[in-house]
1. Does CYS75 fit the bill of being under 16 Å from ILE60 (Cα atoms) and part of a helix (DSSP H, G or I)?
2. Looking only at the range 71-94, count every residue that is in contact (Cβ under 8 Å) with a residue 40 or more places away in the chain and crowded, with 17+ Cβ neighbours inside 10 Å and tell me the total.
3. Of these, THR267, THR261, which one is assigned to a helix (DSSP H, G or I) and either of a type in the set (S, T, N, Q) or modelled with pLDDT under 95 (or both)?
4. Which count do you get for residues in the range 21-69 that are in contact with a Pro (Cβ under 9 Å, 6 or more places away or on another chain), in contact (Cβ under 8 Å) with a residue 60 or more places away in the chain and surrounded by fewer than 19 Cβ atoms within 10 Å (Cβ to Cβ)?
5. Whether any residue in the range 97-119 is at negative phi, modelled with pLDDT of 95 or more and either outside any helix (DSSP H, G or I) or surrounded by fewer than 18 Cβ atoms within 10 Å (Cβ to Cβ) (or both) is what I want to check.
6. Run GLN85 past the list (1) part of a loop (DSSP other than H, G, I, E, B); (2) more than 21 Å from the chain's Cα centre (by Cα) and report the number of the one that doesn't hold.
Amino acid sequence: MAAMASASVGPHAASLDAAVEFLTHHEYDRAKHELRQLLTANPLDFDATYLLLATEQTRILDYESYTIEGDVFMCCLDSVQRTLQQRLPALRGADSTRCLFYIGNVYGGRSLMMAKNDRWLPAIKQSMTSVSYLKQVVKRDSTFSAAYLGIGVYNYYLDKNLKWVPLLGSRHAQGVGEIWRATAASTPYGLGAKNSLCWILIEQGRLIEADSIASSVVAAMPNNTVFLRIKGLLAVYLQRWGDAERIGWRLVDLSVKRSPTNWSDLTLGYQLAVQAADKLGRQQDARAAARRAFALQIPASARKIPYVEKHLHAIEETVAKYAVEPDKP
């Protein structure tokens, strides 16, 4: 996005900046409105074309609705990939490099959506193609820090999951280093790198480091539920039950204000509130929060989101040990 901004002037740059700002604050419809206006004025605007796709992908991942919307989104990926590849031969310099980056990210987005829906083998093939494009980007411009995110994630998980391949060599530390490098990229790519890095650090048991990164984002963006989720889960892992409860109710408050409701965030918020109250010895509060969660009118489509059912099940397990309901003698 830094490269994009440097190559853009006037209303075009202002509209792109506005779209990125809306995207960062989960205002997806407003972001898409800005981008569609740009595309109405110039259908060949490949920056707006890609960012419109990235906005939709971010929304799906935010709502964790990839099991519901994944197939439709894959068609969008195919369309944008064709558009970008048709535009690429006519571009030069920084525009050409940026377009290569976008094409690499389209392949990466397809890989991610496949992996989220347990299609691992085709996901690996797409990720390999993605990395080949991103390596072309950094070969042209080694300062293009956003490109190191996809490369780093690929190298980290390649090392983690393909240790059995002879002569592959360890890329574990290399991958983490590349993701760290990508955190310096401007929004939205730097945030994406910080998100990936948090989960890797959690996986490695480096919880305090992960919490520090998530906290730095939340301090600057208090309503960023992506990093609030991370902080809430870290509070559970670190047994900081007061923080877990506070973050849980914060997620509940933010989720019900969003349109449409983010059911995954909302049920996680209740899960954190219930588990924290239970651990703090406040059984009445835990059961009261659980009743509120079970009274939610969750649409049938949202019930298909795996994490919604997972969070509700965790609430059930927490309160199942209580012998009586709080309103019974």
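1. Taking the combined requirement at face value, the residue satisfies it.
2. Looking only at that region, the number is 2.
3. Exactly one residue qualifies, and that residue is THR267.
4. 2
5. no
6. With (1) part of a loop (DSSP other than H, G, I, E, B); (2) more than 21 Å from the chain's Cα centre (by Cα) applied to GLN85, the lone miss is (1).
One line per residue, one yes/no per condition, for (1) free of Cβ contacts under 8 Å to residues at least 40 places away in the same chain; (2) out of contact with any Cys (no Cβ under 8 Å at 6 or more places or on another chain); (3) buried (at least 16 other Cβ atoms within 10 Å of the Cβ):
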{"position": "ARG246", "(1), (2), (3)": "yes, yes, yes"}
{"position": "LYS257", "(1), (2), (3)": "yes, yes, no"}
{"position": "TRP263", "(1), (2), (3)": "no, yes, yes"}
{"position": "GLY269", "(1), (2), (3)": "yes, yes, yes"}
{"position": "LEU272", "(1), (2), (3)": "no, yes, yes"}
{"position": "LEU280", "(1), (2), (3)": "yes, yes, no"}
{"position": "GLN297", "(1), (2), (3)": "yes, yes, no"}
{"position": "GLU309", "(1), (2), (3)": "yes, yes, no"}
{"position": "ALA314", "(1), (2), (3)": "no, yes, yes"}
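Per-residue answers, yes or no, for (1) among the hydrophobic types (A, V, I, L, M, F, W, C); (2) within 23 Å of the chain's Cα centre (by Cα); (3) closer than 21 Å to LEU228 by Cα; (4) at pLDDT 95 or above:
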{"site": "ARG282", "(1), (2), (3), (4)": "no, no, no, yes"}
{"site": "ALA286", "(1), (2), (3), (4)": "yes, no, yes, yes"}
{"site": "ARG291", "(1), (2), (3), (4)": "no, no, no, yes"}
{"site": "ALA300", "(1), (2), (3), (4)": "yes, no, no, no"}
{"site": "ILE305", "(1), (2), (3), (4)": "yes, yes, yes, no"}
{"site": "VAL308", "(1), (2), (3), (4)": "yes, yes, yes, yes"}
{"site": "HIS311", "(1), (2), (3), (4)": "no, yes, yes, yes"}
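The values are calculated or read from the model by the stated rules, or taken from the named source; none is laboratory data. What you see is a predicted model; the values in this text were computed from it and never measured. Ideal geometry is used to build each Cβ from the backbone, glycine not excepted, and the neighbour counts take in all protein chains shown.
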